[in-house]
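See structure below.
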């Protein structure tokens, strides 16, 4: 039986995944990175955690340094590799997941470089 498709993981599950990536990450670094993975902006993360935007930027930069990465894309890749390593059966998507078109989400008011 195929497992149900969960399009959006919880903050708790992402934090657990990030803690497994590197135990040197602080609690706040994990919280910031988990929210970044969910697509939250630095402003939104700051509001959610009750810290300044500059603190969010610093925590994220330090977490990236610990993980030897430099971008959110690389963080996604590390997390995906961790998930696939922990559950090799996820490497072959279910029939339901294969039939779904994956379309990147974009805020309706976001400007693209192509439009400039």
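The values are calculated or read from the model by the stated rules, or taken from the named source; none is laboratory data. A quick note: this is a predicted structure, and the numbers were derived from the prediction, not measured. Please note: Cβ atoms are built from the backbone with ideal geometry, for glycine as well, and neighbour counts cover all protein chains shown.
Rundown of residues vs (1) modelled with pLDDT under 95; (2) under 17 Å from residue 25 (Cβ atoms); (3) part of a helix (DSSP H, G or I), yes/no style:
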{"residue": "48", "(1), (2), (3)": "no, no, yes"}
{"residue": "55", "(1), (2), (3)": "no, yes, yes"}
{"residue": "64", "(1), (2), (3)": "no, yes, yes"}
{"residue": "79", "(1), (2), (3)": "yes, yes, yes"}
{"residue": "82", "(1), (2), (3)": "yes, yes, yes"}
{"residue": "89", "(1), (2), (3)": "yes, no, yes"}
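Remark: residue 59 falls outside the filter, which requires a residue to be crowded, with 16+ Cβ neighbours inside 10 Å and touching a residue at least 40 places away in the same chain (Cβ under 8 Å).
Among the residues examined, residue 21 qualifies as modelled with pLDDT under 95, in contact with a helix residue (DSSP H, G or I) (Cβ under 8 Å, 6 or more places away or on another chain) and buried (at least 16 other Cβ atoms within 10 Å of the Cβ). Of all the listed residues (44, 34), the sole one being surrounded by 15 or more Cβ atoms within 10 Å (Cβ to Cβ), out of contact with any helix residue (DSSP H, G or I) (no Cβ under 6 Å at 6 or more places or on another chain) and part of a helix (DSSP H, G or I) is 44.
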